[in-house]
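To keep things clear, I will list the structure first and then write my remarks on it.
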Amino acid sequence: MNNDNIGAMRRDRIDITVHRAEILKDTSIGGIFFFCALLSVLITFGIVIILLKDTAGFFKEVSIIEFFTHTRWSPTIKPVEFGVLPLISGTFIFTFVTSAIALPVGLLTAVFLSEYANERTHSVLKPALEILAGIPTVVYGYFALVYVTPFLRRIVPQISTFNVLSAGIVVAIMIIPTIASISEDAMRAVPKSLREAGLALGVSEFRVTITVVIPAALSGIVSSFILGISRVIGETMAVTIAAGNLSRIVNPFNISDALLNPIQTMTAAMVEIGLSDVSGHSVAYKSLFAVGFTLFIMTFSLNLISQYIKYKFREKYL
Amino acid sequence: MNGISRGDINCIQKNIYNRYSNIRIEKIKGKIFIFLCIVATLLGVISLVTLLVYVFWDATAWLNLEFLTNPPSRFPERAGIYPMLVGSIFLIPMVALYSIPLGVGAAIYLEEYARDSLIKRIIEINIANLAGVPSIVYGLLGLGFFVAALGMIHGTLIVGSLTLALRVLPIVIVSSQEAIASVPISHRFASFALGVRKWHMIRTVVLPEAIPGIMTGTILALASAMGETAPLIMIGAATTIFTAPRGILSSFSALPLQIFAWSDFPHREFQHGVAPATIVVLLLILLAMNGLAIFIRLKFSRKEH
């Protein structure tokens, strides 16, 4: 073995160690990225833990039975009472009104974009609709209070300054793109051959849409509806500004009272407490987390159901 | 006539007639349906355009340099938005600083490192769900974690920007994932074939190609953070402030908060003057950010062959 060979071997060894260092570097960088991804899971846990901690503190001072059965919500004005039912009732009626507008309009928009619009119309309409979702919700609230309510007052003079209807209209406009774009994706995934089979049997175009395309895309449509509803439940600024801050149990069957008078949703109640200067130890501060936790459970389970339906009941085509 | 009677023929004729009249009705129904679809599609857009016209109309008399450089005031003619404008502009780079490294890192892991395993599925489902958590709940997270647990001072720029960064993180991750996934797999193989390691390949091949897409998605996410109000109220940001923030530890306010504060001021000059002017400034900032995002997308979009 001559010196040259030994030198070559040494160089090889050096190469191998460099190689090892590089492998180590590579793995550790992969680890850093894994941590970034893991952080998103930690955020979910963080939300749950933070909300649970102060909610538990809240239930030490206010019984859980009072929270879920009492019919009056008055966190700061004495006598204080923490019944969440008026807020849930307010959230329910607001969600119902908004969905009644947004779901049909969103679905018909999706039908138009997927079945009737040609490529050029589509390329204009799609970004135009996206703009609706890009306007901040505080601006929608302002629209409702300053322009929509006075406009509605010309038609129904007895409407209050703060009311469910105008807040519902603007929030419906805001969530149309969410519903339309998920439903449209689902309808586009329905194979052309199914439509053609229907047309070949002599079925008219619109009946093919109703009896073939929509049923085939139903899982996506339903999941878009649920996601939209979850968005409405968590909507904050537009309802705070335009629907008022009057916590009350709303009778959903007295339509004019439910539509034309102020309410208070869970989110609006949270903003009200957040704006009043509450110290970190007051019951009102802790009630913020109890309401927030209720809201989180509602929206999170709706989101999970939406995803479950989307994947579980999806029609699969070869 | 092989057993077909005059009555049968009449019956068949009637059926055919009915069928054709059904087709006419069917066609009318189809037209009505298309009409409804078109109305539904245009409804939102037209309403929004109308409202925007009103806002711009109301804002025109109030938008001037003094409005941008004055602090807010009880008197509409002296009111300005300078402190909130500075607050909103400070928020952009800070939110970007916190959310981009984490978001892009998570996206690289999910697209380049993770195998199709349960962990990957759990992380992806979790991210989709985080994107659906109401923004006000992120405000509670910021309040409970950064303020109550870590002892930061409420209403400061740092708490506000960290909270908003958490809020937009899911959007940054998903859009970065899309950008990274759109880099053709063959480019990765070509790089591996030259014997480089994974991180080297990602750094020199995937990221340079994905950066325009990542930037587009991130700018849109930042624009949505600019419009957030509820989380900032929750972490104790003031709805009105008279001096601009001087550093990350100063208390601050942002344009959406001021819009909220002015939207129910009783004077007509606020509802139909100062508030619309503030909205126009905010919308112009968002428009500029969206325009930049679209410009980047168009400029760097790969031609598909």
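The values are calculated or read from the model by the stated rules, or taken from the named source; none is laboratory data. A quick note: this is a predicted structure, and the numbers were derived from the prediction, not measured. Here the Cβ positions follow ideal geometry from the backbone for every residue, glycine too, while neighbour counts run over all protein chains shown.
Of everything in the stretch B:40-63, what is outside any helix (DSSP H, G or I) and either at the interface with chain A (Cβ under 8 Å from one of its Cβ atoms) or not aromatic (Phe, Trp, Tyr) (or both)? Give them in sequence order. Steps first, answer last, please.
Going residue by residue through the stretch B:40-63, those that are outside any helix (DSSP H, G or I) are B:60-63.
Within the stretch B:40-63, B:Thr60, B:Ala61, B:Leu63 qualify.
Table: residues versus (1) surrounded by fewer than 19 Cβ atoms within 10 Å (Cβ to Cβ); (2) within 21 Å of A:Tyr140 (Cα to Cα); (3) hydrophobic (A, V, I, L, M, F, W, C); (4) in the same structural domain as A:Ser287 (by TED's automatic domain parsing).
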position: A:Gly228; (1), (2), (3), (4): no, yes, no, yes
position: A:Asn251; (1), (2), (3), (4): yes, no, no, yes
position: A:Asn254; (1), (2), (3), (4): yes, no, no, yes
position: A:Pro262; (1), (2), (3), (4): no, yes, no, yes
position: A:Ala268; (1), (2), (3), (4): no, yes, yes, yes
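Being surrounded by fewer than 19 Cβ atoms within 10 Å (Cβ to Cβ), in contact (Cβ under 8 Å) with a residue 24 or more places away in the chain and part of a helix (DSSP H, G or I) is the filter here; which residues of the stretch A:184-193 pass it? Before you say what the answer is, go through the steps one by one.
As a first pass, look at the stretch A:184-193 and keep what is surrounded by fewer than 19 Cβ atoms within 10 Å (Cβ to Cβ): A:185, A:188-189, A:191-193.
Remaining after also requiring in contact (Cβ under 8 Å) with a residue 24 or more places away in the chain: A:185, A:188-189, A:191.
Within the stretch A:184-193, A:Asp185, A:Arg188 meet the criteria.
Going residue by residue through the stretch A:234-255, is there one that turns out to be in contact with an Asp or Glu (Cβ under 6 Å, 6 or more places away or on another chain) and more than 10 Å from every other protein chain (Cβ to nearest Cβ)?
Within the stretch A:234-255 (the criterion being in contact with an Asp or Glu (Cβ under 6 Å, 6 or more places away or on another chain) and more than 10 Å from every other protein chain (Cβ to nearest Cβ)), the answer is yes, since at least one residue qualifies.
Against the condition touching an Asp or Glu at 6+ places or on another chain (Cβ under 6 Å) and at the interface with chain B (Cβ under 10 Å from one of its Cβ atoms), how does A:Leu107 come out, does it pass?
no
Residues that are in contact (Cβ under 8 Å) with a residue 40 or more places away in the chain, of a type in the set (Gly, Ala, Ser) and surrounded by 20 or more Cβ atoms within 10 Å (Cβ to Cβ): list the helices (runs of 4 or more DSSP H) wholly contained in the stretch B:147-251 that include at least 2 such residues. Walk me through it before giving the result.
Numbers: elements: B:157-181, B:185-193, B:198-201, B:207-226, B:230-234.
Result: B:157-181, B:207-226.
Can you pull out the residues in the stretch B:86-143 that are in a loop (DSSP other than H, G, I, E, B) and within 9 Å of chain A (Cβ to nearest Cβ)? I'd like the intermediate steps shown before the answer.
Keep residues of the stretch B:86-143 that are in a loop (DSSP other than H, G, I, E, B), which gives B:114-117, B:132-134.
Correct list: B:Ala114, B:Gly132, B:Val133, B:Pro134.
I need a count of the residues in the stretch A:200-212 that are assigned to a helix (DSSP H, G or I) and within 12 Å of another protein chain (Cβ to nearest Cβ).
The total comes to 6.
Working carefully through the options B:Gly103, B:Gly132, B:Gly87, find the one that is of a type outside the set (Asp, Glu), crowded, with 16+ Cβ neighbours inside 10 Å and within 30 Å of B:Met201 (Cα to Cα). Break it down into steps so the answer makes sense when it comes.
Details: B:Gly132 fails: within 30 Å of B:Met201 (Cα to Cα); B:Gly87 fails: within 30 Å of B:Met201 (Cα to Cα).
None of the other options fit; the residue is B:Gly103.
Cβ contacts < 8 Å: first residue part of a loop (DSSP other than H, G, I, E, B), restricted to the stretch A:307-318; second residue of a type in the set (S, T, N, Q) and surrounded by 10 or more Cβ atoms within 10 Å (Cβ to Cβ), any location; separation 6+ or different chain. Result?
Listed by first residue and then by second, the contacts come to A:Phe313/A:Ser219; A:Arg314/A:Ser219; A:Glu315/A:Ser219.
When residues of the stretch A:185-224 are filtered for being closer than 18 Å to A:Leu113 by Cβ and of a type in the set (Ser, Thr, Tyr), how many remain?
3
Out of A:Phe300, A:Phe296, which single residue is surrounded by 18 or more Cβ atoms within 10 Å (Cβ to Cβ), assigned by TED's automatic domain parsing to the domain that holds A:Val80 and free of Cβ contacts under 8 Å to residues at least 24 places away in the same chain? Lay out the reasoning, then the answer.
Values: A:Phe296 fails: free of Cβ contacts under 8 Å to residues at least 24 places away in the same chain.
Going through A:Phe300, A:Phe296 in turn, the sole match is A:Phe300.
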